[in-house]
There are 2 protein chains.
Amino acid sequence: MNRPAFLTACRDLLGHDHVLTDDADTGAYLVDQRKRYTGRTLAVLRPADAPQLAALVRLCVAHGVPMVPQGGNTGLAGGATPDASGRQVVVSLRRLNRIREVDAANMTLTAEAGCVLADVQAAALAVERLFPLSLAAEGSCTIGGNLATNAGGTAVLRYGNARELCLGLEVVTPQGELWDGLRGLRKDNTGYDLRDLFIGAEGTLGLITAATLKLFAQPAARMTALAALDSPTQALALLNLAQRVAGPLLTGFELMSDFCLQLVTQVFSQQRYPFAQPYAQAVLLELSDNESETHARELLERLLAAGVEQGIVRDAIVANSLAQSNALWHLRESIPLAQSATGLNIKHDIAVPVSQVPAFLAATDPIVQRIAPGARMVTFGHLGDGNLHYNVMAPEGHDPAQFLAQYQSPVTTAVHDSVHAHRGTISAEHGLGQFKREASARYKSPVELALMRTLKAAFDPLGLMNPGKVLPD
Amino acid sequence: MNRPAFLTACRDLLGHDHVLTDDADTGAYLVDQRKRYTGRTLAVLRPADAPQLAALVRLCVAHGVPMVPQGGNTGLAGGATPDASGRQVVVSLRRLNRIREVDAANMTLTAEAGCVLADVQAAALAVERLFPLSLAAEGSCTIGGNLATNAGGTAVLRYGNARELCLGLEVVTPQGELWDGLRGLRKDNTGYDLRDLFIGAEGTLGLITAATLKLFAQPAARMTALAALDSPTQALALLNLAQRVAGPLLTGFELMSDFCLQLVTQVFSQQRYPFAQPYAQAVLLELSDNESETHARELLERLLAAGVEQGIVRDAIVANSLAQSNALWHLRESIPLAQSATGLNIKHDIAVPVSQVPAFLAATDPIVQRIAPGARMVTFGHLGDGNLHYNVMAPEGHDPAQFLAQYQSPVTTAVHDSVHAHRGTISAEHGLGQFKREASARYKSPVELALMRTLKAAFDPLGLMNPGKVLPD
């Protein structure tokens, strides 16, 4: 590869301002959100639109330059960080940030990959529609990255992952061709499902440049409650009760252990423990209702009353205002912040079948304690999806960094082994990136790994698309 | 290929009774549901289970024998019918008919490919759960075929196509390896989406042997109404109103023109025209409600009253019993039967963006009339999904067979061109099979066709999996 010739060609194509090579300019693109990986790069390239990106890919192919796509750089698995070789380019999708079309009657919106998730939500709201994908990074993550990693979040129970929210894609192939698959159709059975192949592939099979997304009617009301329970088994019973009583109105079902709530109230003095006495588990329930706030509250009260009657629910708070509802969510959302404030944790983004959550916790907590006696379990997450952020914190008074250095590897291996034994996944919603590609391969069958390699080789025979991600070497 | 040696090996593997070669035994496997295609076969092979099927595929590969998978043989595009060469085998999946697991708390069920759809529905009902896939052939079609063709039906608006109802698959690859992807997980971001690649591929990339399916809480009530309207534009307005008022409770939204209703009442003397006077269009709405029948009826009445007030709805009937609800559905379901009773039709299974339905009809009806003056339009379908069965019937007094012979080709080409111009699809829910593979290729971009061929070549380099289907030669 002739570096000066390549960079000159890039500048001719993109304009001088959009080929970044100075460390001061490229630095922010080279470290991942969790500061776990730092890469080097030949250049950060910022194409203006999809045709320019297609031309850029052809240029990279001609020069044999590996490409690392990047959106908001909020990924949690290092999927958007280049390696240390300095031979890879970062292809930033941030300038592809137009909302191309909003079709309210079709309940669809077409957004370019670099649109910030919050801007997509706002464009939907402007026509009284809901784009339900919602996650902590929504103010800075991009829809392209959400799709490339098949992002989850807090409303998956009702609306599905990013995958389920996407009807069509536009993609630049590894050969630099532009595939227009931007269909706004609810049904289309004309051949292979290319769309879902690119979704979740983390840019290793092609680069998503735009997507046609599903919208929903904006609900008339959202209503939240917090229920106190004795165990994960009771939380599962409450979930099944809520599904029967509220059906599709149930949009959130978040589990948090007592330790999580205690941690939040310790770290953030303005947060108060919500119940009069401690209970082992709490569940945040959210309903989205197209009728009225009154209807939602009555339904939630009826549901919780049934839970009390059946001996499932020990105490409950139903929000009586949007402010109170937000306060309950704030409690839940403060858990990862409280964790960070107390130092590094061993984090796991796992899912098991919903029915297996109690058995998984009963089996795995003691395993962790045997490896790291006194470790504190910070267990919370999206129980409705079987998705737990099963995090492990240093024992009281121990140095978090030292704990991490000593226990991360054995604890994570043991947790992942247990997840696998419970027919679960070691990456529920964060993807594999470079962080979990090796670990994931341990649990995949040879047949599945071979099929994945077949796909990669067929689509990207030169191996230039986000190399070193998803698949192990 | 050494035919006797191959058949002997098949008999050794499957047992003598499960290798059918006599015309009397094979006949039923060689004609498609619509009697559009008749094939010949080397043998009909009936493996007992997935490992036996994997061994059978290896045997076929060793002998270079092309395989045509078949479930209930109810497909509408000839996807399960062998060609006329007599060199292909039919691989019947019907003996793989066990429900392997029902996990009510996880809301999942694992069924083998040969399970009849109605049996899957019944297994869900037995644990008070709903498997919502529902279509006319449910008494004989199989879940493997439903997934291989990504079947749609009448509840897609709320629950999605077969694709959206599937969490995991077990597949025999074209190399005869068994891939166990039977995951019951709501979230799993560990690599490429192999599942969705096999779904809708009509057996051309591998053979689905089992699936883990999503279940839902059984609703407390279903409530149906029929609304009279003046135009497709008003039907679209009613759809958007219903989505706002009823949100996810809206499970069905079926459009039928006045001509469809007139036809049903003419052909079936026991069916009566539902309204006091004719209206241009009727819409059947269905709500599924987890609260109560009373709540569902009140919601439906409120919705229709709002429709009347906004000048959208001209008249309406709300079912006041399950029997009346079934009668309304019976009216809708009688349309294709009434069509068949009056002779052959030119049929189209198309979808456009929901917002484009009025414009599509306004543009396409006159085009058809110019080609075939006096032709009668039998337009009905799943408006909520933008999916119309846009069928064209001979003019009054004309011979249907002669009409078909003369007009099928020009009418279908014109309809498909118009669908394409409205950014739609020429196969919404029936797949391509051999019936539409050539037509579909006309509307696919070269990039998309090349990607599809890349996939086919990568997965099935010998071209033995259901050759001549989906992709044009």
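The values are calculated or read from the model by the stated rules, or taken from the named source; none is laboratory data. Since the model is a prediction, treat every value here as computed from it, not as a measurement. All Cβ positions, even for glycine, are placed from backbone atoms using ideal geometry, and neighbour counts span all protein chains on display. Just the protein is used for accessible areas: all its heavy atoms, side chains included, with ligands, DNA and RNA removed. Shrake-Rupley method; radii C 1.70, N 1.55, O 1.52, S 1.80 Å.
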Query raised in the report: From the list B:201, B:242, B:228, which residue is more than 30 Å from residue B:103 (Cα to Cα) and crowded, with 24+ Cβ neighbours inside 10 Å?
Result: B:242
Query raised in the report: Among the residues of segment A:158-183, which ones are within 9 Å of chain B (Cβ to nearest Cβ), within 28 Å of residue B:419 (Cα to Cα) and open to solvent by 10 Å² or more (accessible area, probe 1.4 Å)?
Result: A:163, A:164, A:177, A:178, A:180, A:182, A:183
Requested in this report: Would you check if there is a residue in segment A:153-163 being farther than 18 Å from residue B:164 by Cβ, of a type in the set (Lys, Arg) and at pLDDT 95 or above?
Outcome: no
Report summary line: Checked B:395, B:373, B:358 against criteria (open to solvent by less than 20 Å² (accessible area, probe 1.4 Å), over 30 Å from residue B:201 (Cβ atoms) and either touching a residue at least 40 places away in the same chain (Cβ under 8 Å) or in a loop (DSSP other than H, G, I, E, B) (or both)); the one match is B:395
Query raised in the report: Conditions: (1) assigned to a helix (DSSP H, G or I); (2) over 27 Å from residue B:213 (Cβ atoms); (3) in contact (Cβ under 8 Å) with a residue 40 or more places away in the chain. Residue A:317 meets all but one. Number of the miss?
Result: (1)
Requested in this report: Scan segment B:422-473 residue by residue and report those that are under 30 Å from residue B:354 (Cβ atoms), more than 10 Å from every other protein chain (Cβ to nearest Cβ) and either acidic (Asp, Glu) or over 16 Å from the mean Cα position of the chain (by Cα) (or both).
Outcome: B:422, B:438, B:442, B:469, B:472
Query raised in the report: If we scan segment A:56-69, do we find a residue that is surrounded by 15 or more Cβ atoms within 10 Å (Cβ to Cβ) and more than 16 Å from residue A:207 (Cα to Cα)?
Result: yes
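Sort out which residues of segment A:351-367 are of a type in the set (A, V, I, L, M) and either farther than 27 Å from residue A:151 by Cα or more than 9 Å from chain B (Cβ to nearest Cβ) (or both), and write them in order of number. Spell out the reasoning first.
Our first condition is that a residue be of a type in the set (A, V, I, L, M); within segment A:351-367, this holds for A:351-352, A:354, A:357, A:359, A:361-363, A:367.
Hits for segment A:351-367 are A:357, A:359, A:361, A:362, A:363, A:367.
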Report task. Output the residue which, of all residues in segment B:107-137 that are buried (at least 20 other Cβ atoms within 10 Å of the Cβ) and part of a loop (DSSP other than H, G, I, E, B), is nearest to the other protein chains (Cβ to nearest Cβ). Result -> B:107
Query raised in the report: Given the structure, is residue B:151 in contact (Cβ under 8 Å) with a residue 60 or more places away in the chain, part of a loop (DSSP other than H, G, I, E, B) and more than 11 Å from chain A (Cβ to nearest Cβ)?
Result: no
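Among the residues of segment A:204-220, what is the count of those that are open to solvent by 10 Å² or more (accessible area, probe 1.4 Å) and within 27 Å of residue A:253 (Cα to Cα)? Give the derivation first.
In the first step, residues of segment A:204-220 are kept if they are open to solvent by 10 Å² or more (accessible area, probe 1.4 Å); the result is A:208, A:214, A:216-220.
Restricting the remaining residues to those that are within 27 Å of residue A:253 (Cα to Cα) gives A:214, A:216-220.
Within segment A:204-220, residues that are open to solvent by 10 Å² or more (accessible area, probe 1.4 Å) and within 27 Å of residue A:253 (Cα to Cα) number 6.
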Query raised in the report: Within the set of pairs 6 or more residues apart or between chains, which connect a residue that is open to solvent by less than 10 Å² (accessible area, probe 1.4 Å) inside segment A:41-54 to a residue that is part of a loop (DSSP other than H, G, I, E, B) and among the charged types (D, E, K, R) with Cβ atoms less than 9 Å apart?
Result: A:42/A:87; A:47/A:95; A:54/A:177
Report summary line: The number of residues in segment A:95-106 that are away from chain B (no Cβ under 14 Å) and touching a helix residue (DSSP H, G or I) at 6+ places or on another chain (Cβ under 9 Å) is 4
Query raised in the report: Can you name every residue in segment A:263-285 that is closer than 20 Å to residue A:234 by Cα, open to solvent by 20 Å² or more (accessible area, probe 1.4 Å) and not in a loop (DSSP other than H, G, I, E, B)?
Result: A:281
**Report entry** Filtered residues of segment A:405-415 (kept if open to solvent by 10 Å² or more (accessible area, probe 1.4 Å) and either under 23 Å from residue A:362 (Cα atoms) or among the β-branched types (Val, Ile, Thr) (or both))
**Finding:** A:407, A:408, A:409, A:410, A:412, A:413, A:414
Report task. Please find, within segment A:298-310, the residue that is surrounded by the fewest Cβ atoms within 10 Å (Cβ to Cβ) out of those that are in contact (Cβ under 8 Å) with a residue 12 or more places away in the chain and either away from every other protein chain (no Cβ under 14 Å) or hydroxyl-bearing (Ser, Thr, Tyr) (or both). Result -> A:310
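Taking residue B:186, is it free of Cβ contacts under 8 Å to residues at least 40 places away in the same chain, in a loop (DSSP other than H, G, I, E, B) and either surrounded by 24 or more Cβ atoms within 10 Å (Cβ to Cβ) or under 17 Å from the mean Cα position of the chain (by Cα) (or both)?
Details: free of Cβ contacts under 8 Å to residues at least 40 places away in the same chain: yes; in a loop (DSSP other than H, G, I, E, B): yes; either surrounded by 24 or more Cβ atoms within 10 Å (Cβ to Cβ) or under 17 Å from the mean Cα position of the chain (by Cα) (or both): yes.
Against the criterion (free of Cβ contacts under 8 Å to residues at least 40 places away in the same chain, in a loop (DSSP other than H, G, I, E, B) and either surrounded by 24 or more Cβ atoms within 10 Å (Cβ to Cβ) or under 17 Å from the mean Cα position of the chain (by Cα) (or both)), residue B:186 qualifies.
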Query raised in the report: Going through segment A:165-183 one residue at a time, which ones are out of contact with any Gly (no Cβ under 6 Å at 6 or more places or on another chain), within 30 Å of residue A:154 (Cβ to Cβ) and not in a strand (DSSP E or B)?
Result: A:165
Query raised in the report: Which residues, taken from segment A:89-106, are out of contact with any Asp or Glu (no Cβ under 9 Å at 6 or more places or on another chain), in contact (Cβ under 8 Å) with a residue 40 or more places away in the chain and part of a loop (DSSP other than H, G, I, E, B)?
Result: A:94, A:106
Requested in this report: Would you please list the contacts, defined by Cβ atoms under 7 Å and residues six or more apart or on different chains, that run from a residue in segment A:193-216 that is within 17 Å of residue A:79 (Cα to Cα) to a residue that is among the aliphatic types (A, V, I, L, M) and open to solvent by 10 Å² or more (accessible area, probe 1.4 Å)?
Outcome: A:198/A:208; A:201/A:148; A:202/A:148; A:203/A:148; A:208/A:148
Query - Selected residue [open to solvent by 50 Å² or more (accessible area, probe 1.4 Å) and modelled with pLDDT of 95 or more] from B:103, B:25 - result: B:25
Report summary line: Filtering segment B:189-198 for residues that are open to solvent by 10 Å² or more (accessible area, probe 1.4 Å) and either under 20 Å from the mean Cα position of the chain (by Cα) or among the basic types (Lys, Arg) (or both) leaves a count of 1
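I'm trying to understand the selection: among the residues of segment B:189-221, which are of a type in the set (Ser, Thr, Tyr) and either assigned to a strand (DSSP E or B) or at the interface with another protein chain (Cβ under 7 Å from one of its Cβ atoms) (or both)?
First, pick out the residues of segment B:189-221 that are of a type in the set (Ser, Thr, Tyr): B:190, B:192, B:204, B:209, B:212.
B:190, B:192, B:209, B:212 - these are the residues of segment B:189-221 that are of a type in the set (Ser, Thr, Tyr) and either assigned to a strand (DSSP E or B) or at the interface with another protein chain (Cβ under 7 Å from one of its Cβ atoms) (or both).
Pick from segment B:262-297 the residues that are closer than 16 Å to residue B:316 by Cα and among the polar types (S, T, N, Q): which of them is farthest from the other protein chains (Cβ to nearest Cβ)?
Residues of segment B:262-297 closer than 16 Å to residue B:316 by Cα: B:272-287, B:296-297.
After this cut, where a residue has to be among the polar types (S, T, N, Q) as well, the list is B:277, B:281.
Details: B:277: 28, B:281: 17 Å.
That would be B:277.
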Query - Sole exception among (1) surrounded by 24 or more Cβ atoms within 10 Å (Cβ to Cβ); (2) under 23 Å from residue B:245 (Cβ atoms) for residue A:256, by number - result: (2)
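Might you let me know whether segment A:326-343 holds any residue that is among the charged types (D, E, K, R), in contact with a helix residue (DSSP H, G or I) (Cβ under 7 Å, 6 or more places away or on another chain) and buried (at least 18 other Cβ atoms within 10 Å of the Cβ)? Talk me through it step by step, then tell me what you get.
Step one: filter segment A:326-343 for residues among the charged types (D, E, K, R), giving A:332-333.
With in contact with a helix residue (DSSP H, G or I) (Cβ under 7 Å, 6 or more places away or on another chain) added as a condition, the list becomes none.
No; the residues of segment A:326-343 include none that is among the charged types (D, E, K, R), in contact with a helix residue (DSSP H, G or I) (Cβ under 7 Å, 6 or more places away or on another chain) and buried (at least 18 other Cβ atoms within 10 Å of the Cβ).
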